[in-house]
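The values are calculated or read from the model by the stated rules, or taken from the named source; none is laboratory data. Bear in mind the structure is a predicted one, so any value in this text is a computation, not a measurement. Positions of Cβ are generated from backbone atoms using ideal geometry, with glycine treated the same way; all protein chains shown enter the neighbour counts. Remember, those area values only see protein heavy atoms, side chains included, never the ligands or the DNA or RNA. Shrake-Rupley method; radii C 1.70, N 1.55, O 1.52, S 1.80 Å.
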Amino acid sequence: MVKLLLPVLLLALGIGVTVATDRPDPPADFTFVNRGDVSTLDPQRMSWMQDLRIARLLYEPLVRLDVLHENYEVIPGVAERWEVSDDQTVYTFYLRDDAKWSNGEPITAHQFVYSWRRALLPETASDYAKLFQSIKGSGDFFEWRSAQTQAYADRVADLSPAERREEVERMWDEAMAYFDANVGLKALDDRTLRIELKAPTPYWLDLCAFAVFSPVYEPLVSQYERLSPETGQIKIEFGWTKPPLTVTNGPFVLERWRFKRGLYLRANEHWWDRDSLDIETIAIPSIEDPNAAVLAFETGAVQWVSDLTADYRVAMLRKKLAFYEEHADEVERLKAQGLDQFAIAAALPDDPRKNVHAVDNFATYWYNFNCLPTLTDGRPNPFHDARVRRAFAMVIDKKTIVDEVNRVGQPVANTIIPRGSIAGYTSPAGLECVSDFEGDPEGLEAHLARARALLVEAGYESPSDLPVIELLFNKDSGHDLIAQQIARDWQKYLGVQTSLSQKEVGVFRNDLKNANYMTSRAGWYADYADPTTFLDLNRTGDGNNDRKYSNPAYDALLDEAKFELDPAKRMALLTEAERIIMEDDLPMVPIFHYVSLYLFDPDVVTGLNNHPRANQDIYLIDVLGDGKGRDQVKRIRREGEPRPGSTN
Amino acid sequence: MRRLIFGRLAQLPLILLVIYTITLALAWAVPGNPLENPEGRQPPAAVVEAMKRQYNLDSFPRFYFSYLTSATGIDYASDLVSGRLAEQREQAEAAGVAAPPRYIFDLGPSLKYEDWRVNEIVAGALPVSIVLGFAAILIALVVGLLAGVIGAVKPNSAADIATLVIALIGISLPSFVVGMLLLIVFAVSFSFFPVGGWGKPSQMVLPAVTLSLPFAAYIARLTRMGMIEALGADYIRTARAKGLAENTVLFKHALKNAFLPVLSYLGPATAFAMTGSFVVEKVFNVPGLGQHFINGVLNKDLFLIMGVVLIFATLLVLFNLIVDVLYRWVDPRIS
């Protein structure tokens, strides 16, 4: 009998020991579910929305955007003030005296130079290296360093180990000398940073507020870099982003980060604007399963689900929309009082889905057309002809996709840049699609005739002259349903044959990169408040130009806009550029703009915003009625209203 | 016995080397580039090339040997001897910060979760998987053995059929269904347990029960078969003839023999319970090791794939060894 019990006892002992050593996080003032797991907390290397969101809690760049202001006004961050030269190419930032790291050390301008230089080194592999290249000479530095290490890689085999070490150090010194001599990024002293731009960049301050432009603590991070005699590059190790090692400068510090379990943050005692915080601790449990996230909210374990993706979200939102329709008068009255979306939700206590909120994203879902003359298998590519692309774009029933397939209230898109998301920018009209002719059968007939005529003009007398049209998309997220709808439209209205090609995301990515497709789905969450954040995607040779679209007139407009100092004229140039791709050339056909569904109780959580570029700064959040902080509803301020509660 | 243990342990490196070679060759052939984002912004081509060079992803033989020297501790030893380790520590001390952690058996960085080394990922997930797997096997053992004995004592009775049906359900129902059902009933409707997460004992009950079901069902069937066979044997008739109490006959004499097949199943079952809990981990949001098998391959995270496969292979060998040792101890006839 004892012998039989032994395995049982062994198992029980194993459990006991491990459980005893596991310590759960204490409850936090605010708990939310992020969009996904954090991939990195190194600001210069990140590009995922969930990473950037945490970075804005842990780091503070030179300036910040006030997301509770209707225009996302630029406000001071580490820099307390700045000067801009008359030609808008030289920016001088003055760092505040009380800007400190979380270990109490002062933040210096030199550390900004170090941090931004990291992003400009090819070996850092920053996804956003391009954004830093607005700085004068930085693009050349990037190329120069790439060429330098590439040349080394070619001749490394001939060198002895001792020679290699000597050579990589010499190369590094040379690179630093090149940087200092040629790149327009200088620390004039500990508190003054001077940046010289290649050309006037109206959105430069907006970029400076972007989390990727945050400083990192040089004494720490440099421990993780070493010159590699094998490649000639700096070999970067990570891990300094994790507590207890990490040193940051933002509103919060990372107290605990357990892989796939969650993050735990605490207010940073050394942050200069510490008094503005209304919460002390934030917990971000890692919850991947969409249902688990909803259950966690329902049982009160989390207060905000930032991306509701459970299948039944459609039903939840429908219920809310039905309620709003029923009480349309009341909603209008509240809107007229100037209440924002969340305040209206709070004012309608009987809404059965009061906690569900649809928030616009600064993002677009579209279909790519491969614009190269031939496909990878050597066949001629019909979509090389802009008329064919236009015809195919005209017959997509976008409204059906939004209303019948997705059903989460996304706005139909006929421009790549969401309308009204950038102050001062006027979107072009865009191309009409079949759903614009609802209730107008004659108009629709004429529209379809125009589309078919375009095909004939392009030399395709009959639909059978076109090859089978392939739609490429990646698995998951309902892309298959959208592709089916689009394929049906093309069959129905143009009479062409279609085939659906669903691939694993890695393979999908490879196919896009190598232009191994005819048409494919795509999406883009944009970064900064300027049309170029979308328009650069179609520039000739851009790394993200999966369409391989190239139009010299389009590139020329973007170049011209670069040097245009008058903001209105510049925006007009960009409108014309977007008009070219959205009305004439159609390298891509926008389908809808993304919407995120939030789950939170508007009576309890305040400080979130529904700006068209919906960036959430979680350090602004106040949990009402918890007895901590000011416990006052925060609302979006209009232009000209002062900012309350800040020492600045 | 000693020969068995040392012999098996001596084989371990060879087994691992073969597994390493095969897995790496397969993982290398998976399409996709781990250094590129599946969606969103892409780093310039020059950067991707540079990164490939840094991680030796541009050459199979280079990767093969560099990973091998790092995972076997050769790199660590050479840095220790050359004084590079001490140098690193001094540098960090001079800068007033903590020195970068170094691992003897360094399984490399994760390419997808860039801030984490595979060692850290495994160190965080393995204890969770051990608890979850052990708890599931424990529940499975208790439930399975009892159900098996009940069924065998009165074959074809109502109790037997009931346990068989439950066992059938346990084997056939996918764990995401069972998991969701348990969640809705015990976590949402009655609030007996939290909906998910890990750390408190109360959070471990539902996932362990869900994970244990198929194992319990299999153990019940193994036990029932073994018991029916044992109860028909001569020595049981002798035991009963001696006038032993029925419980003694059942649990001391019959179960001892019937348990042997269960015991040999326990080795691989424990290893599978610890690593094959992908679905349960997802439903209950448990930060275990199972998900890294799937995610590693989906993301083509080479270092992570190799790390978890090597760990799993080691566990499998060790658990089988433990079971073999137990087996001989329980039944000395086997040599």
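Accessible surface area normalised per residue over region B:118-330 is 40 Å², counting heavy atoms of protein chains with a 1.4 Å rolling probe. Expressed as a fraction of 2.2 N^0.38 Å, the value expected for a compact globular protein of N residues, the C-alpha radius of gyration of region A:1-156 is 1.63.
If the Kirkwood radius is taken over C-alpha pairs of region A:38-241, then at 10 °C and 1.306 mPa s the Stokes-Einstein diffusion coefficient equals 89 µm²/s. Over region A:442-498, all Cα pairs binned in 10 Å intervals from 0 give whole-percent P(r) values of 22, 44, 27, 8, listed from short to long. Under the convention that each Lys and Arg Cβ holds +1 and each Asp and Glu Cβ holds -1, the size of the dipole of region A:38-241 around its Cα centre is about 240 debye.
Under 5 Å from the amide H of A:E470 lie the amide H atoms of A:S499, A:M518, A:T519, each residue being 5 or more positions distant or on a separate chain, with H modelled from the backbone and absent for Pro and chain starts. One compactness figure for region B:131-179 is 1.27, namely its Cα radius of gyration divided by 2.2 N^0.38 Å. Positive-end ranking of A:S138, A:Q303, B:V330 along the dipole of the protein assembly as shown, with charges on Cβ about the Cα centre, is headed by B:V330. Placing pseudo-labels 7 Å out from each Cα toward the beta carbon at B:S189 and A:R637 gives an inter-label distance of 5.1 nm.
How large is the dipole of the protein assembly as shown about the Cα centre if only Lys and Arg carry +1 and Asp and Glu carry -1, each at its Cβ, rounded to the nearest 20 debye?
The calculation lands at about 4600 debye.
Computed from the alpha carbon atoms alone, the convex hull of region A:254-409 holds 252 Å³ per residue. Taken over region A:551-628, the percentage of Cα pairs per 10 Å bin, counting from 0 up to the bin with the maximum distance, is 14, 27, 21, 19, 15, 4, 0. Counting only DSSP H runs of at least 4 residues, each contributing -39500 (n - 2.57), and dividing by the residue count of chain B, the helix-based mean residue ellipticity at 222 nm comes to -23500 deg cm²/dmol.
A Gaussian network model of chain B, with springs between Cα atoms under 10 Å, assigns the largest mean-square fluctuation among B:A233, B:A273, B:A86 to B:A86.
Translational diffusion of the protein assembly as shown was estimated from the Stokes-Einstein equation, with Rh taken as the Kirkwood radius over Cα pairs; at 25 °C and 0.890 mPa s the coefficient is 78 µm²/s.
Candidates A:L375, B:Q11, B:I311 compared by Cα position along the dipole of the protein assembly as shown: farthest toward the positive end lies B:Q11, with charges placed on Cβ.
When Rg and Dmax are taken over the Cα atoms of region A:53-114, they come to 13.1, 39 Å. Taking the protein heavy atoms of region B:118-330 in the context of the full set of protein chains, the accessible area attributed to carbon and sulfur is 72 percent at 1.4 Å.
Counting only residues at least eight positions apart within a chain, or on another chain, the lysines with an alpha carbon under 30 Å from that of B:K256 are A:K3, B:K154, B:K242.
Projecting the Cα atoms of B:A136, B:P100, A:L466 onto the dipole axis of the protein assembly as shown, where Lys and Arg carry +1 and Asp and Glu carry -1 at the beta carbon, places B:A136 farthest toward the positive end.
Express the Stokes-Einstein translational diffusion coefficient of region B:64-113 in µm² s⁻¹, to the nearest whole number, given a Kirkwood radius over alpha-carbon pairs, 37 °C and a viscosity of 0.692 mPa s. It comes out at roughly 275 µm²/s. Once B binds A, the 1.4 Å probe can no longer reach about 6800 Å² of accessible area, counting both sides. For A:L197, the residues whose modelled amide H falls within less than 5 Å of its own, excluding neighbours fewer than 5 places apart on the same chain, are A:V90, A:Y91, A:K136. Put a dot 7 Å past the Cα of A:R194, heading toward its Cβ, do the same for A:D403, and the two dots end up 6.1 nm apart. In this structure, the amide hydrogen of A:Q233, modeled 1.01 Å from its nitrogen in the peptide plane, lies closer than 5 angstrom to those of A:S228, counting only residues at least 5 positions away or on a different chain.
Taken along its three principal axes, the alpha carbon spread of region B:118-330 comes to 63, 43, 27 Å, from the longest extent down to the shortest.
The mean number of partner chain beta-carbon atoms within 10 angstrom of a residue's beta-carbon across peptide A:500-511 is 4. HN-Hα J couplings of region A:118-132 from phi, Karplus 6.51/-1.76/1.60, θ = phi - 60°, integer Hz, Gly and Pro as x? Once θ is set to phi - 60°, the couplings for region A:118-132 become 3, 5, 8, 7, x, 5, 6, 6, 6, 5, 10, 3, 4, 5, 6 Hz. For a straight C-alpha distance cut-off of 12 angstrom, the aspartates and glutamates reachable from B:K52 (same-chain residues fewer than eight places away being disregarded) are A:E123, B:E36. Shown here are the Rg and Dmax of the Cα trace of region A:360-595, at 17.1, 51 Å. Note on region B:118-330: with charges restricted to the Cβ of Lys and Arg (+1) and Asp and Glu (-1), its dipole about the Cα centre is near 500 debye. For region A:331-378, the calculated P(r) over all alpha carbon pairs, in 5 Å bins from 0 to the bin holding the longest distance, is 5, 15, 15, 13, 8, 8, 6, 6, 5, 6, 7, 5, 1 percent. Simple spin-label estimate for A:R170 and A:S464 gives 7.2 nm between the two label positions (7 Å along the Cα-to-Cβ direction from each Cα).
Among the listed pairs A:K320/A:K398; A:K260/B:K282; A:K235/A:K513; A:K335/A:K398, those with a Cα-Cα distance over 18 Å are A:K320/A:K398; A:K235/A:K513; A:K335/A:K398. Give the distance, in whole Å, between the Cα centre of region A:361-400 and the Cα centre of region A:115-163. Comparing the Cα centres of region A:361-400 and region A:115-163, I get a distance of 36 Å.
Within the assembled protein chains, the solvent-accessible surface assigned to A:Y152 is about 0 Å², based on a 1.4 Å probe. Over all pairs of different C-alpha atoms in region A:156-282, the reciprocal of the mean inverse distance, the Kirkwood hydrodynamic radius, equals 18.5 Å.
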